[in-house]
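Trainee: Handing you a structure now.
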Amino acid sequence: MPKKISIVIPVCNEKSNVPLMVDALCTVMDKQLYNYDITFIDDGSNDGTVDALKEQTQLKSNVFFIALSRNFGHQNALKAGLDNSNGDAVISMDGDLQHPPSLIPELIKHWEAGNDIVYTIRKDHHEIPMMKRKTSNLFYNLMNRLSDIELEAGTADFRLMDKRVVDICRNFNEMDLFWRGLVKWLGFTQIGIEYEPSERKFGKSKYTYKKMMQFALRGITSFSIKPLSIAIYLGFTFSILSLLYVPYVLYAYYFGHIISGWASVIVTIAFFGGLQLMILGIIGMYLGKLFIQSKQRPHYVIKESYLP
């Protein structure tokens, strides 16, 4: 009996892209020597994406869907797909056609060669705004410096994972999921391949600069406590520097000089006040993670589904 490939695709407001995605995937997968199924995870769409998915399940016997009760975020929607997959290998990808289905045969080839995880690395082309390229590179540089894992710049959520890796992923119960880091942290035999993203056919990117910043903070704080160490070193350094001010105060006291310069005092107080707030913010971020985790809420809630 041939092995099976499961493809999981989180989508949010991708109504027009759904039929194009199904056609592109079927064109590629029908040429492979594997059974396959395609499961879309609707992450709280409000543009009729669920209706488009239901239509595709009527047209294709191997297309399925999960509709979440609201928007739980891309990473949680991806977990919903992994939890409900049953293939010997699982491929995750986005539903906007920027992850090219034509790359899937190469992913499968590397899996057949003995790799447990085949991940992809996006090659930025010139059409991508310079600001987005700069912020992306900054994120990966910070991630690699502040955490104990090494991510190549451009690492994407377009990957293939062997069934035994997916079985482990189902057991992750941390609330702030960051799959790019988790997959790298898992180990196993991994290989990365480069790809050039295709153009989005319809709709617009869901990753605003604000969401990218939140994504970066989630990734860094999920895999490192180095920001807390940096806060300690900052506090220690400025405490030592403040001692350099003591000789001046003593000199002014004993030799009758009036300590003037209220402006500089206010600036100093404001600076150290800001530094303290920043350090408290870092500590608060980690405490917030513990608070949310302690509630043990599910990563997602399924409203309706059509599964094999």
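The values are calculated or read from the model by the stated rules, or taken from the named source; none is laboratory data. All of these numbers come straight from a predicted model, not from anything done at the bench. Here Cβ is always computed from backbone atoms with ideal geometry, including for glycine, and neighbour counts include all displayed protein chains. What goes into the accessible areas is simple: the full protein's heavy atoms, side chains included, and nothing from ligands, DNA or RNA. Shrake-Rupley method; radii C 1.70, N 1.55, O 1.52, S 1.80 Å.
Trainee: If a residue must be open to solvent by 10 Å² or more (accessible area, probe 1.4 Å) and either among the hydrophobic types (A, V, I, L, M, F, W, C) or under 15 Å from residue 8 (Cβ atoms) (or both), how many such residues does segment 100-118 contain?
Mentor: Total satisfying the criteria: 4.
Trainee: Looking only at segment 98-127, count how many residues are out of contact with any Pro (no Cβ under 9 Å at 6 or more places or on another chain) and either closer than 12 Å to residue 197 by Cα or of a type in the set (Phe, Trp, Tyr) (or both).
Mentor: We begin by selecting, within segment 98-127, every residue out of contact with any Pro (no Cβ under 9 Å at 6 or more places or on another chain); these are 101-121, 126-127.
Narrowing the set further to residues that are either closer than 12 Å to residue 197 by Cα or of a type in the set (Phe, Trp, Tyr) (or both) leaves 101-103, 111, 119-121, 126-127.
Summing the residues that are out of contact with any Pro (no Cβ under 9 Å at 6 or more places or on another chain) and either closer than 12 Å to residue 197 by Cα or of a type in the set (Phe, Trp, Tyr) (or both) in segment 98-127 gives 9.
Trainee: Does segment 9-28 contain at least one residue that is among the acidic types (Asp, Glu) and modelled with pLDDT of 90 or more?
Mentor: yes
Trainee: Still on this structure, I have one more. Is it true that some residue in segment 29-40 is surrounded by fewer than 17 Cβ atoms within 10 Å (Cβ to Cβ), at pLDDT below 90, more than 21 Å from residue 197 (Cβ to Cβ) and of a type in the set (D, E, K, R)?
Mentor: Within segment 29-40, one or more residues are surrounded by fewer than 17 Cβ atoms within 10 Å (Cβ to Cβ), at pLDDT below 90, more than 21 Å from residue 197 (Cβ to Cβ) and of a type in the set (D, E, K, R).
Trainee: Checking residue 95 against (1) open to solvent by 10 Å² or more (accessible area, probe 1.4 Å); (2) within 16 Å of the chain's Cα centre (by Cα), which single condition isn't satisfied?
Mentor: Result: residue 95 fails condition (1) only.
Trainee: Counting residues that are under 29 Å from residue 111 (Cα atoms) and within 18 Å of the chain's Cα centre (by Cα), which strands (runs of 3 or more DSSP E) fully inside segment 1-86 reach at least 1?
Mentor: Working: elements: 4-11, 35-42, 63-68.
Correct list: 4-11, 35-42.
Trainee: Among the candidates 220, 168, 193, which residue alone is touching a Ser or Thr at 6+ places or on another chain (Cβ under 9 Å), open to solvent by less than 70 Å² (accessible area, probe 1.4 Å) and modelled with pLDDT of 65 or more?
Mentor: Details: 220 fails: modelled with pLDDT of 65 or more; 168 fails: touching a Ser or Thr at 6+ places or on another chain (Cβ under 9 Å).
Checking each option against the conditions leaves just 193.
Trainee: OK, next. Residue by residue through segment 7-55, note down the ones that are out of contact with any Lys or Arg (no Cβ under 9 Å at 6 or more places or on another chain) and polar (S, T, N, Q).
Mentor: 27, 32, 39, 46
Trainee: Please specify each residue of segment 166-188 satisfying the condition of being over 25 Å from residue 297 (Cβ atoms) and in contact (Cβ under 8 Å) with a residue 24 or more places away in the chain. If you could, list the steps in order and put the result at the bottom.
Mentor: Pass one, segment 166-188, residues over 25 Å from residue 297 (Cβ atoms): 184, 187-188.
Across segment 166-188, the qualifying residues are 184, 188.
Trainee: Could you check segment 97-116 and list, in sequence order, the residues that are in a loop (DSSP other than H, G, I, E, B) and within 11 Å of residue 158 (Cβ to Cβ)? Working first, answer last.
Mentor: Pass one, segment 97-116, residues in a loop (DSSP other than H, G, I, E, B): 97-100, 113-116.
If the condition is that a residue be in a loop (DSSP other than H, G, I, E, B) and within 11 Å of residue 158 (Cβ to Cβ), then 98, 99, 100 are the ones that fit.
Trainee: Restricting attention to segment 37-52, which residues are under 17 Å from residue 5 (Cβ atoms) and either touching an Asp or Glu at 6+ places or on another chain (Cβ under 9 Å) or in contact (Cβ under 8 Å) with a residue 60 or more places away in the chain (or both)?
Mentor: 37, 39, 40
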